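The values are calculated or read from the model by the stated rules, or taken from the named source; none is laboratory data. What you are looking at is a predicted structure, and each value in this text was computed from that prediction instead of being measured. As a convention, Cβ positions derive from the backbone with ideal geometry for all residues, glycine included, and neighbour counts pool all protein chains shown.
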Amino acid sequence: MPRQPERGEVWMVDLGMAQKTRPALILSIGYSDDDRALVTVVSHTTTLRGSGFEIAVPAPFLKPGAFMVQSITTIPTRWALHRLGRLTTEHLASVEDGVRRWLGL
């Protein structure tokens with residue numbers, strides 16, 4: 001059985017025809033056998049618009065771009081294709097801050 005994506009990791013995910021296959025940051029925490037096999041992700045893009053909701057974090061496994069905190073979605077773990085790497089604690093915190101701003105939390 002493939003391993004479960006973990007919070008702070010970046011995985012290549014299949015988001016379907018509308019958003020295609022792209023890197024995404026895992027935001028959700030781990031789940032148990034009693035829970036649904038789902039993860040909540042924030043998509044990464046290389047097509048930037050200059051929005052304050054694009055959070056750029058340098059990572060050697062990502063092309064230059066940003067995490068789009070306006071693009072939060074929950075997907076089945078089977079759509080997480082393979083792990084690309086893990087963000088640092090500081091970089092994860094900057095994406096979390098962007099999500100909180102977007103959601104007004």
Selected residue (criterion: modelled with the highest pLDDT) from residues of the range 2-48 that are part of a loop (DSSP other than H, G, I, E, B) and on the phi > 0 side of the Ramachandran plot: 8
Members of the range 67-95 that are under 10 Å from residue 42 (Cα atoms) and either of a type in the set (Asp, Glu) or touching a His at 6+ places or on another chain (Cβ under 8 Å) (or both): 67, 68
Residue in the range 63-84 that is closer than 19 Å to residue 8 by Cβ, crowded, with 17+ Cβ neighbours inside 10 Å and of a type in the set (D, E, K, R) present: no
Pick from the range 49-73, criterion part of a strand (DSSP E or B) and of a type outside the set (A, V, I, L, M, F, W, C), ranking: farthest from residue 95 (Cα to Cα): 73
Filtered residues of the range 42-67 (kept if under 12 Å from the mean Cα position of the chain (by Cα) and of a type in the set (S, T, N, Q)): 43, 45
Tally of residues being part of a helix (DSSP H, G or I) and at pLDDT 95 or above across the range 74-90: 2
Residue that is surrounded by the fewest Cβ atoms within 10 Å (Cβ to Cβ), among those in the range 40-58 that are of a type outside the set (S, T, N, Q) and in contact with a strand residue (DSSP E or B) (Cβ under 6 Å, 6 or more places away or on another chain): 48
